[in-house]
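K.L.:
What follows is a single structure, and I will ask about it in a moment.
The values are calculated or read from the model by the stated rules, or taken from the named source; none is laboratory data. Remember, predicted model here, so these are calculated numbers, not experimental data. Positions of Cβ are generated from backbone atoms using ideal geometry, with glycine treated the same way; all protein chains shown enter the neighbour counts. Heads up: the accessible areas ignore ligands, DNA and RNA and are worked out on the full protein's heavy atoms, side chains in. Shrake-Rupley method; radii C 1.70, N 1.55, O 1.52, S 1.80 Å.
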Amino acid sequence: MNEDRKAGGGRMIRGLLRQRHGARTRELIRQPGGFGLGQVPTRLAPDATTSMICGYCSTGCSLDVHLRDGQAVNITPTTEYPVNLGMACPKGWEALTPLGAPDRATTPLLRDEKGRLQPVDWAQATNVFAERFKAIQAAYGPESVAFLSTGQIVTEEMMLLGALTKFGMGLVHGDGNTRQCMATSAVSYKQSFGFDAPPYTYADFELSDVIILIGSNLCIAHPILWERICRNQNSPEIIVVDPRTTETAVGATQHYALDPKSDLVLLYGIANRLIAHGWIDEPFIAAHTNSFPDFAAHVAPYSPEIVSRRTGLTEEQIERFAATIHGGRRVSFWWTMGVNQSHEGVRSAQAIINLALMTGNIGRPGTGANSIAGQCNAMGSRLFSNTTNLLGGGDFTKAEDRAHVARTLHIDPGLIPARPSLAYDQIIDGVMEGSIKGLWIVATNTAHSWIHQSNLRDAFERLEFLVVQDLYPTTDTARLADLMLPAAGWGEKEGTFINSERRIGVIKQVSRAPGQALSDFAIFKLLAHAWGCADLFASWREPADVFEFMKQLSKGQPCDFSGVDGYEMIDAAGGIQWPYPEGVRDEFEPAERRLFEDGQFFHTDGRARFVFDTPRPVRETTSSRYPLTLLTGRGSSSQWHTLTRTGKSAMLRSLAPERPYVEINPVDALARDISSEDTVSVVSVRGSMTAAAFVTATVAPGQVFVPMHYVGTNQLTSPSFDPHSRQPSYKHCAVEVTRLGE
Ligand SMILES: Nc1nc2c(c(=O)[nH]1)N[C@H]1C(S)=C(S)[C@@H](COP(=O)(O)OP(=O)(O)OC[C@H]3O[C@@H](n4cnc5c(=O)[nH]c(N)nc54)[C@H](O)[C@@H]3O)O[C@H]1N2
Ligand SMILES: Nc1nc2c(c(=O)[nH]1)N[C@H]1C(S)=C(S)[C@@H](COP(=O)(O)OP(=O)(O)OC[C@H]3O[C@@H](n4cnc5c(=O)[nH]c(N)nc54)[C@H](O)[C@@H]3O)O[C@H]1N2
Ligand code: SF4
Ligand SMILES: [Mo]
């Protein structure tokens, strides 16, 4: 029945296309998988209820989707899922609404001679894609075309995109929005543990007696994880380290409002106190780490007096922080963008890891040095996007890793580049300098979210061909496209996501994409045909085939999940955390698992490393002209990034201010004669935005905060990057705020 429905839908589309297009399209649509998910009705029974993972944040809640007549009509949170235990945030409840938005892209759009985007059919769109990018490669070399992708499509699609571009189209450079977000965590873990491996399970939120949140506004950005903390029965100490008095800080038992970007100094200062008081786990350090003596020598100068001067915290606060760690039996350290988006994010994240290692707070329930991810599939992109890492967490520069991928995918190893990609900022620089002339952007809104927008817009003007693949032709990036490809969204296709605690979960098709929009998977397949490299992907018929390749690629890696049979098994288990290797199921059975319980890390000697460095100055300090420090981040739990999806829901819109706003301290407001609701201009040396003033003591004097959800925000931000992860430092630049006329 379900198969019949699928075939019936497929027939209809095929009929439609046959009438419209010529021999080339007929040839394309005869290929298996050419047109697939996205256009066909769901495989589910017409009135089914099914569960699937939410398509917004990395928490990875499970949602029950209720169908009527084969179409999803409503959502309730899944009660039996180990992640969300029956809870969901407003975005999850409203997840279907953006799919029905009136501005969904329903056909490919091509810019005509007059500069207008005009509807074209898929045959024309895919041919133009191949012709234009091939012509650019012929003129400027294969590396003159690059792609930018995402942590918001299913892993199977990321893997197909990474393989198509690099093994089929001869591209070397492609990065993703995960660079803006998780690059720092990935590099930190690799250097400290030997693999990009967040060690925790969410139950640790409930098992800790001291929970330390650094640069994380969990209440807003991961509300269900905050709910997990609220369920903790140990009356935990909750420490929040954030320059702002966030919603999370208000809910904490201790708030350390340090000066922006002084985390590294503070964390070294805490290590200094722990060592001075003898509050360290010497047996753990001796058995499972190396380089501790060097680290101890490094932090020796970070006395409370010096740290107090450089962080703005008092010596008593620094002592109390250290004593709280010592007083806990199960101490967990958690961090997000306040740490990662920094000019010294990697060393700051590692300073957190060092505190966990030196106190033996890792590998036990309720402990860990735990990076919380951002997007629903950031963890999938870290392993399978084929950008920084070779598919499956390998290394492009290692011949044996390339051979493993070539063997698994049955391709010639010579097709695999022996270098990783340039990072996002280097790709933009390449566009600016003219070495990159063609760019393909998939599921990210670069023209809003990238740092230092005026530079980005200049760079984009130099592109010869820009392709944007999105749900909406109305995004700031899609408006700049020469070719816009209409994609199916979450709920209109299938595959898997990996959440923050390494749990693989399944996404299903519960709704039909509008018009001619296709799943990203189907679009990539069509483009492979148009490019002439479809043979490479002949056995990649649908996402489930790619999942099999993913399993094989993971084999022997710390993320090995070769023991997972397939989507049905994941569903039945309530998600499965990696590792889950073949043949050893019993010991991998518990629903909640953490890493390093045996004290063995992933470096060849089995030991974790203490990595540290001298703190560096910020790129841009305040001045008399720009006397305020701008912080940016998430504004509310109902707003998602650039608002392309959440902005479509009247309910979600009603939960947050629609007008851009800037939070400013009463002292600074008074000095500028600014009251709440006044229209003000926020100006940096690079650009300006207009906003409503929100006078509030939640930001300290000398600091202001603007949410990232408004397109003006990144007109202000300064192009500063961590040298190891190349992650942008979105949360620090110098601005002035002035009142505009009445
Ligand atoms: N509602 C909602 N939820 C989301 C998202 C969303 O857009 N909307 N996005 C998702 C994604 S992709 C991500 S990456 C996560 C981000 O989740 P979070 O990282 O928790 O969110 P942010 O607001 O970006 O930043 C967290 C905090 O860092 C603080 N901060 C700024 N500078 C510093 C500093 O120098 N030191 C310290 N210690 N803190 C500092 C800010 O004041 C802010 O409160 O959220 C995810 N969840
Ligand atoms: N100033 C400042 N800037 C920031 C940050 C900050 O804290 N401050 N945070 C940074 C961080 S952590 C992140 S993660 C980035 C996020 O930045 P973006 O990735 O640019 O933000 P989104 O709005 O999530 O953009 C995703 C796009 O993909 C589209 N889309 C959704 N689903 C699909 C799909 O299935 N297929 C296709 N083809 N398209 C789809 C959406 O419509 C949307 O246009 O922003 C970064 N920018
Ligand atoms: S917390 Fe995250 S995963 Fe859960 S419902 Fe909200 S957006 Fe979705
Ligand atoms: Mo993110």
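K.L.:
Summing -39500 (n - 2.57) over the DSSP H runs of n ≥ 4 in the chain and dividing by its residue number, what mean residue ellipticity at 222 nm do you reach, to the nearest 500 deg cm²/dmol?
P.N.:
Helix contribution divided over all residues of the chain: -9000 deg cm²/dmol.
K.L.:
Between residue 235 and residue 406, what's the calculated FRET efficiency when r is the beta-carbon distance and R0 is 56 Å? Round to 0.05.
P.N.:
The calculated FRET efficiency here is 0.55.
K.L.:
Over segment 183-371, give the accessible area per residue in Å² for a 1.4 Å probe, as an integer.
P.N.:
Here the per-residue accessible area is 29 Å².
K.L.:
How large is ³J(HN,Hα) for each residue in segment 404-409, as worked out from phi by the Karplus curve 6.51 cos²θ - 1.76 cosθ + 1.60 (θ = phi - 60°), to whole Hz, x for Gly and Pro?
P.N.:
Residue by residue, segment 404-409 yields 4, 5, 4, 4, 5, 8 Hz.
K.L.:
Roughly how many Å² of residue 229 are accessible to a 1.4 Å probe, to the nearest 10?
P.N.:
Probe radius 1.4 Å; accessible area of residue 229 about 10 Å².
K.L.:
Ignoring ligands, DNA and RNA, what percent of the 1.4 Å accessible area of the chain is carbon and sulfur?
P.N.:
The C+S portion of the solvent-accessible surface of the chain is 50 percent.
K.L.:
Using a ≥ b ≥ c from the Cα gyration tensor of the chain (square roots of the eigenvalues), is it rounded, prolate or oblate, where a/c under 1.5 gives rounded and otherwise the larger of a/b and b/c decides, a/b for prolate?
P.N.:
Judged from the Cα gyration tensor, the chain comes out prolate (a/c at least 1.5, a/b above b/c).
K.L.:
If you take the beta carbon distance between residue 552 and residue 131 as r and set R0 to 30 Å, what does 1/(1 + (r/R0)^6) give as a FRET efficiency, to the nearest 0.05?
P.N.:
0.30
K.L.:
A further question on this structure: So what are the ³J(HN,Hα) numbers for segment 81-97, from phi and the Karplus equation (6.51, -1.76, 1.60; θ = phi - 60°), rounded to whole Hz, Gly and Pro as x?
P.N.:
Rounded to whole hertz, the list is 9, x, 7, 10, 6, x, 10, 8, 8, x, 4, x, 4, 9, 5, 7, 4.
K.L.:
Efficiency by 1/(1 + (r/R0)^6): what FRET value for residue 45 and residue 655, r their Cβ-Cβ distance, R0 = 35 Å, to the nearest 0.05?
P.N.:
Rounded to the nearest 0.05, the efficiency is 0.55.
K.L.:
Okay, next question. Sequence gap at least 6, Cα distance under 8 Å: using those rules, report the relative contact order of segment 397-491 to the nearest whole percent.
P.N.:
Relative CO of segment 397-491 lands at 21 percent.
K.L.:
Could you give the dipole magnitude of the chain about its Cα centre, charging the beta-carbon of Lys and Arg +1 and that of Asp and Glu -1, in debye to the nearest 20?
P.N.:
1560 debye
K.L.:
Report for segment 628-739 the percent antiparallel among DSSP-assigned beta bridges with both residues inside it, nearest 5.
P.N.:
60 percent
K.L.:
With an 8 Å Cα cut-off and a minimum separation of 6 or more residues, compute the relative contact order for segment 305-378 in percent.
P.N.:
Taking the mean separation of contacting Cα pairs over the length of segment 305-378, I get 32 percent.
K.L.:
Is the C-alpha gyration tensor of segment 400-531 telling us rounded, prolate or oblate? Criteria: a/c under 1.5 is rounded; beyond that, a/b larger than b/c is prolate, otherwise oblate.
P.N.:
Since a/c reaches 1.5 but b/c is at least a/b, the shape of segment 400-531 is classed as oblate.
K.L.:
Quick check: from the Cα gyration tensor, does segment 570-637 come out rounded (a/c under 1.5), prolate or oblate?
P.N.:
oblate
K.L.:
Express in nm, to one decimal, how much length is gained between residue 670 and residue 429 on full extension, taking 0.36 nm for each residue of separation and deducting their alpha carbon distance.
P.N.:
Extra length from residue 670 to residue 429 when fully extended: 82.7 nm.
K.L.:
For residue 727, what residues show an amide H to amide H distance below 5 Å, using hydrogens built from the backbone and excluding near sequence neighbours?
P.N.:
722
K.L.:
Let me have the relative contact order for segment 117-230, percent, based on Cα pairs under 8 Å that are six or more residues apart.
P.N.:
Rounded, it is 16 percent for segment 117-230.
K.L.:
How much length would be gained if the chain were fully extended between residue 613 and residue 600, taking 0.36 nm per residue of separation minus their Cα-Cα distance, in nm to one decimal?
P.N.:
Once the chain is fully extended between residue 613 and residue 600, it gains 2.2 nm.
K.L.:
Residue 717's amide H: which non-local residues (gap 5+, or another chain) put their own amide H closer than 5 Å, with H modeled 1.01 Å from N in plane and none for Pro or chain starts?
P.N.:
Amide H neighbours of residue 717, under 5 Å, 5+ apart: 452, 453.
K.L.:
Looking at the chain only, what percent of DSSP beta bridges run antiparallel? Nearest 5 please.
P.N.:
45 percent
K.L.:
Using amide H atoms built 1.01 Å from N in the peptide plane, name the residues 5+ places from residue 631, or on other chains, whose amide H lies under 5 Å from its own.
P.N.:
704, 705, 706
K.L.:
Okay, next question. Would you kindly derive the ³J(HN,Hα) couplings of segment 634-642 from the backbone phi angles with the Karplus curve 6.51 cos²θ - 1.76 cosθ + 1.60 (θ = phi - 60°), listing them in order in whole Hz, with x for Gly and Pro?
P.N.:
Taking θ as phi minus 60°, the curve returns 7, x, 7, 6, 9, 10, 10, 6, 8 Hz for segment 634-642.
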